1. Of all residues in the range 1-25, which are among the basic types (Lys, Arg) and under 37 Å from the mean Cα position of the chain (by Cα)?
2. Answer yes or no: is there a residue in the range 533-550 that is on the phi > 0 side of the Ramachandran plot and modelled with pLDDT of 80 or more.
3. Could you check how many residues of the range 551-570 are at pLDDT below 80 and either over 27 Å from Tyr404 (Cα atoms) or basic (Lys, Arg) (or both)?
4. With surrounded by 14 or more Cβ atoms within 10 Å (Cβ to Cβ) and either assigned to a loop (DSSP other than H, G, I, E, B) or at pLDDT 85 or above (or both) as the only criterion, which of Phe40, Phe80 stands out?
5. Within the range 33-57, work out how many residues are β-branched (Val, Ile, Thr) and closer than 12 Å to Leu182 by Cα.
6. Filter the range 491-502 for residues that are among the hydrophobic types (A, V, I, L, M, F, W, C) and surrounded by fewer than 20 Cβ atoms within 10 Å (Cβ to Cβ); which is nearest to Tyr394 (Cα to Cα)?
7. Scan the range 261-275 for residues that are out of contact with any His (no Cβ under 6 Å at 6 or more places or on another chain) and either surrounded by 15 or more Cβ atoms within 10 Å (Cβ to Cβ) or assigned to a loop (DSSP other than H, G, I, E, B) (or both) and report the count.
8. How many residues are of a type in the set (D, E, K, R) and in a helix (DSSP H, G or I) if we restrict to the range 403-420?
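The values are calculated or read from the model by the stated rules, or taken from the named source; none is laboratory data. Just so you know, these numbers come straight off a predicted model, no measurement behind them. All Cβ positions, even for glycine, are placed from backbone atoms using ideal geometry, and neighbour counts span all protein chains on display. When the accessible area is computed, the model is the full protein with side chains, heavy atoms only, and any ligands, DNA or RNA have been set aside. Shrake-Rupley method; radii C 1.70, N 1.55, O 1.52, S 1.80 Å.
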Amino acid sequence: MVLKVFFPSCCSSAESGILVGRWLSEQSSAVILAVVHFPFIPFQVKQYLSEVQRVTKVSVSVLGSWSNSKQEKEENLSKFLEDLGTIFSHEPWIQISKEGDSKFWSCSTFQKHSNNPKEEVILVYYDQRKVMLSHLHPPLDTATSTDQETDDASKLSAIFHTVAKSKMLFMTDRYNDGPIKLTHWQSDGTEASIIVELMKQASVPACMLLAFLLSLVSGICRSRVLKFWPLSFLWRKLSTCEQLGHRLQHLQVISSNKKAQTQTQLMRKANIFVSLLIDVALGILLMSWLYRKNRIGHLADTLIPVADHVAEELQDLLQWLMGAPAGLKMNRALDQVLGRFFLYHIHLWISYIHLMSPFIEMILWYVGLSACLGLTVALCILSDIIALLTFHIYCFYVYGARLYCLKIYGLSSLWRLFRGKKWNVLRQRVDSCSYDLDQLFIGTLLFTILLFLLPTTALYYLVFALLRLLVVIVQGLIHLLVDLIDSLPLYSILLRLCRSYRLAAGVKFRVLEQQDGKPLRLLMQINPLSYGSVVQTYRLPTYSCYPKDSWTSLCKKLFLGELIYPWKHKGEKQD
């Protein structure tokens, strides 16, 4: 049977003493956590370890002895170390000895109640600080992982759990005036930072003030004022309001005085904080760029000519449709009615733009100030401005889609009439039905009229649907960028870049130089998570303005003339 001893590399130069750690019987492994130096009183050591075990819930005990003789090995010390096994009575009793500066150690085990008192030992060195600060992630594809991989992951998690839970043991350093002197990864002094401690103290009143302000804003948002029709409609439809509500939830998570219970909750708070920080920093940079060299005025002066140019292009397009587009034979009367109807709407839109032109620069000036709330808020405002500026295109699309949809459903209903069928609304199915001669004659007339008018309506619908899809694609790209900023776990990515051992996916063992008669020596190194796994594990949820329609569903809606709403949520019903 092979016994594995996990030895911290920070204790390799420790003075002689006893090995303190945890014995994992199901793995035949010993995880060494610290070395207790001579002199010591066994009763005090047992009392201290029982206190550590009570607090950390980890069965810490004395596993063996450690001998670091920089000179020749003394027989009295060797005899004394063997006698310690009878005092602490742990089986197996591990004896590790290092002679001088040699990197090849002697390691032996003793068991009184066993037929095979000596076992083969594998000495595994590990970085105690990295193992304690790292978080071992389970495999993401648990469905494809084998039982052997799952068992290995559970064994590794037991080792990482043992080191991470033993923080109380690492609080005692060599500067403490106590009866027990320990060597571990913090033996030279507990890690601390005056700046971090001052920031912690200063963050308490800041978080309390922020929590009060956020509770006040949340109370206003939940008030009945926003539930009346105009405000409730704008709050649900405008992506700016959705983004502000999303960021408000993030601020509430950060300013909460509840301590994170798990590593996942802690990483989520850190990711939200860094995402907010970078979002606001990018927004301030955008705002400083806009207000420099009078760029707001230049943008306002450019907006009116662009709107006029778009309106002129639409007028030319309608004039082309009112003639013989691509040589197609259209219904003259319906073509003229639809063309003049849409031309009148363009005339109204141009009048509206020129009426608002004196106030556009002032509106853009105040809108630019909203960039201090974050780049995502500025992008959402840009999406809403595009929606407002292309509202006439949206109206054209709705008119054409409704007219086209009416004719499609009318033709399908009359086609069922020819076959002696009808749609049963109660049972949601097609049933047989007998029609008289008058019904068939009227149905034939209506079917013929709708069929010959369909090409003219379909052409107008096709043109305006393509224009509408162009606007929706532009808004979709803006919202994809907003979702990317909102959901990207920037803190986790930076942690993976700077301190990759903090996000552990597993370990790898490197075989060190060997010598005959000495135990096998391995070096345990941490395998970090890949960047794709980091993003998949710690990705933040987003509000996702757009419905997740498949390409098949989208093509079906376009063919049947159903409206494509850019501001709909996942759970909302579409007409």
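1. Pass one, the range 1-25, residues among the basic types (Lys, Arg): 4, 22.
The one that is among the basic types (Lys, Arg) and under 37 Å from the mean Cα position of the chain (by Cα): Arg22.
2. no
3. The total comes to 2.
4. Values: Phe80 fails: either assigned to a loop (DSSP other than H, G, I, E, B) or at pLDDT 85 or above (or both).
After ruling out the rest, the residue left standing is Phe40.
5. Narrowing the range 33-57 to residues β-branched (Val, Ile, Thr): 35-36, 41, 45, 52, 55-56.
Applying the additional criterion that residues be closer than 12 Å to Leu182 by Cα yields 35-36, 45.
Total meeting the criteria: 3.
6. Here the residue is Ile493.
7. Of the residues in the range 261-275, 10 are out of contact with any His (no Cβ under 6 Å at 6 or more places or on another chain) and either surrounded by 15 or more Cβ atoms within 10 Å (Cβ to Cβ) or assigned to a loop (DSSP other than H, G, I, E, B) (or both).
8. 2
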